[in-house]
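In what follows, a single structure is set out as structure tokens and then discussed.
Nothing in this text is a laboratory measurement; each read-out follows from the coordinates by a stated rule. Bear in mind that the values here come from a model prediction, so they are computed numbers and not experimental data. Cβ placement follows ideal geometry from the backbone for every residue including glycine, while neighbour counts extend to all protein chains displayed.
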Amino acid sequence: MKILVALKQVPARDSVLRADQSAIWISEADLSFEVNEPDSYALEEGLGLKAKHGGEVVVLCAGPARATQAIREALAKGADRAIHIERDDLASLDPLQVAGLLAEAVQQEAPDLILTGLQSDDLGYGQTGVILAALLGLPHTTIVMGVEKTDSGIRVKRELENGWFQHVEMPLPALVTVQSGIKRLRYATLMGIKQAKTKEIRRVAGNSPGAGCIQVRRVYPPERTKRAQLFSGDPKDAAAKLVERLRREAHVL
């Protein structure tokens with residue numbers, strides 16, 4: 001069973017984000033980067049399926065040269081090899097363009113199952129995986145909490161609202177987007193880190209992504225519209241003032 005896992009490298013969640021000079025993306029100066037969290041769970045699911053059913057796990061990552069760090073981390077956890085679509089303009093591409101780049105590499109591999117994270121921590125579109133499935137003509141499903149191999153394909157568990165779940169039978173090849181938190185993530189062992197240095201990373205440039213359908217006009221911090229107000233003096237008077245504000249300004253009473 002050949003499993004392909006798509007990874008993205010994103011700014012660390014505790015990073016201080018500032019707009020760059022173009023004001024259409026964030027400044028990457030002094031930023032640290034990490035593997036997109038939902039993608040880490042997609043990798044974990046792929047490695048678990050490999051442990052049960054055999055085969056190989058291939059990591060696919062698009063991004064600049066620094067994304068090699070994320071790829072090495074995936075290889076250290078147990079992925080067999082990787083494909084790096086090395087591009088410096090990934091931040092300027094929309095999900096349709098990124099999915100087009102990924103589709104080229106996927107077609108050469110012909111995997112049985114493609115796993116992606118539900119969405120990226122930096123942009124949060126939640127579209128790249130499903131667009132990739134559409135470009136490849138594959139059955140797909142989203143918000144997946146677990147994947148089981150069956151005789152005819154796979155059976156997936158989808159998260160719905162209010163604690164409900166849905167179980168779906170799917171043929172292979174297929175694509176699923178994985179929800180965060182489905183399993184405990186493994187750590188790379190010392191042996192895995194050593195082995196990752198010798199595993200194959202095939203670098204490709206990718207063809208022109210073509211025209212996109214989304215244009216970012218400006219990136220800026222959200223305006224602060226909320227403020228705190230303290231009522232001093234006698235508690236009864238302060239309480240009366242608070243109730244008056246809640247009724248006339250906040251409209252919650």
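Annotations
- Cut-off 14 Å between beta-carbons: net charge of the residues surrounding ALA196, Lys and Arg +1, Asp and Glu -1: +4
- 19 Å Cα-Cα threshold exceeded, pairs from LYS52/LYS183; LYS50/LYS197; LYS8/LYS50; LYS77/LYS194; LYS2/LYS149; LYS149/LYS197: LYS50/LYS197; LYS8/LYS50; LYS149/LYS197
- Residue-averaged [θ]222 nm for the chain, counting only DSSP H segments that reach four residues, each worth -39500 (n - 2.57): -8500 deg cm²/dmol
- For ASP237 and SER15, a Förster radius of 51 Å and the Cβ-Cβ distance give a FRET efficiency of 0.70, rounded to the nearest 0.05.
- Region 235-253 and region 212-227 have Cα centres lying 32 Å from one another.
- A Förster distance of 30 Å, applied to the separation of the beta-carbon atoms of ASP30 and GLN108, puts the FRET efficiency at 0.20.
- With a cut-off of 11 Å between beta carbons, the residues surrounding PRO173 carry a summed charge of -1, where Lys and Arg count +1 and Asp and Glu -1.
- The distance from the alpha carbon centre of region 34-103 to that of region 146-182 is 20 Å, rounded to a whole number.
- If you run the Gaussian network model on the chain, springs between alpha carbon atoms under 10 Å, then out of ALA29, ALA65, ALA79 the most flexible one is ALA29.
- Whether region 105-191 is rounded, prolate or oblate, judged on the alpha carbon gyration tensor where a/c under 1.5 counts as rounded: rounded
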